[in-house]
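*Asks:* Please read through the structure below; I'll follow up with questions.
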Amino acid sequence: MIGPAPVLALLVGVFHAALYVLIRGTAGGQLPLLVIAAFLGAWAGDEVGTRLGLDLFRIGDFRLFAASLMAWVGIGVVAIVAILGPTRRPKVGP
């Protein structure tokens, strides 16, 4: 049994992705990537927090602080890749 970690990671990921969009004002078409990266980061953060013993704030066995930190790392990776990635240029001419 995998436990409640994926469900809590999804909630944490969606919350932090929504907070990022609220702060930034737009997702720029990257909302699905932001949610996936935040979800995977939160799930990984819980596991890293378990292994390192980071127990600053917990919900049961779910390490919320480590999960939130890694969710923001995932969001940051998506934001950096979006900035450094290719851009669409408007088509010029007939």
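The values are calculated or read from the model by the stated rules, or taken from the named source; none is laboratory data. Just so it is clear, the structure is predicted and the values come from calculations on it, not from any experiment. Cβ: placed from backbone, ideal geometry, glycine included. Neighbour counts: every protein chain shown. Protein only, heavy atoms only, side chains kept; ligands, DNA and RNA dropped before computing areas. Shrake-Rupley method; radii C 1.70, N 1.55, O 1.52, S 1.80 Å.
*Asks:* Considering only residues that are part of a helix (DSSP H, G or I), surrounded by fewer than 23 Cβ atoms within 10 Å (Cβ to Cβ) and β-branched (V, I, T), which ones fall in the range 58-77?
*Replies:* Scanning the range 58-77 gives V73, V77.
*Asks:* Just one of (1) loosely packed, with under 13 Cβ neighbours inside 10 Å; (2) touching a residue at least 24 places away in the same chain (Cβ under 8 Å); (3) not in a loop (DSSP other than H, G, I, E, B) trips up G3, so point out which.
*Replies:* (3)
*Asks:* If I go through the range 34-49 residue by residue, how many of them are in contact with a strand residue (DSSP E or B) (Cβ under 6 Å, 6 or more places away or on another chain) and free of Cβ contacts under 8 Å to residues at least 24 places away in the same chain?
*Replies:* Selection size over the range 34-49: 1.
*Asks:* Among the residues of the range 37-57, are any assigned to a loop (DSSP other than H, G, I, E, B), in contact with a Gly (Cβ under 8 Å, 6 or more places away or on another chain) and either within 17 Å of A82 (Cβ to Cβ) or charged (D, E, K, R) (or both)?
*Replies:* Yes, that holds for at least one residue.
*Asks:* State all residues of the range 21-44 that are modelled with pLDDT under 95 and of a type in the set (F, W, Y); if no residue qualifies, say none.
*Replies:* W43
*Asks:* Which ones in the range 20-30 are surrounded by fewer than 15 Cβ atoms within 10 Å (Cβ to Cβ) and closer than 14 Å to A79 by Cα?
*Replies:* Once the filter is applied, which keeps residues that are surrounded by fewer than 15 Cβ atoms within 10 Å (Cβ to Cβ) and closer than 14 Å to A79 by Cα, the range 20-30 yields I23, R24, G25, T26, G28, G29.
*Asks:* Looking at (1) open to solvent by less than 30 Å² (accessible area, probe 1.4 Å); (2) in contact with a Phe, Trp or Tyr (Cβ under 8 Å, 6 or more places away or on another chain), can you tell me which one A37 breaks?
*Replies:* (2)
*Asks:* From the set of residues in the range 45-57 that are of a type in the set (D, E) and closer than 14 Å to P6 by Cα, which is surrounded by the fewest Cβ atoms within 10 Å (Cβ to Cβ)?
*Replies:* E47
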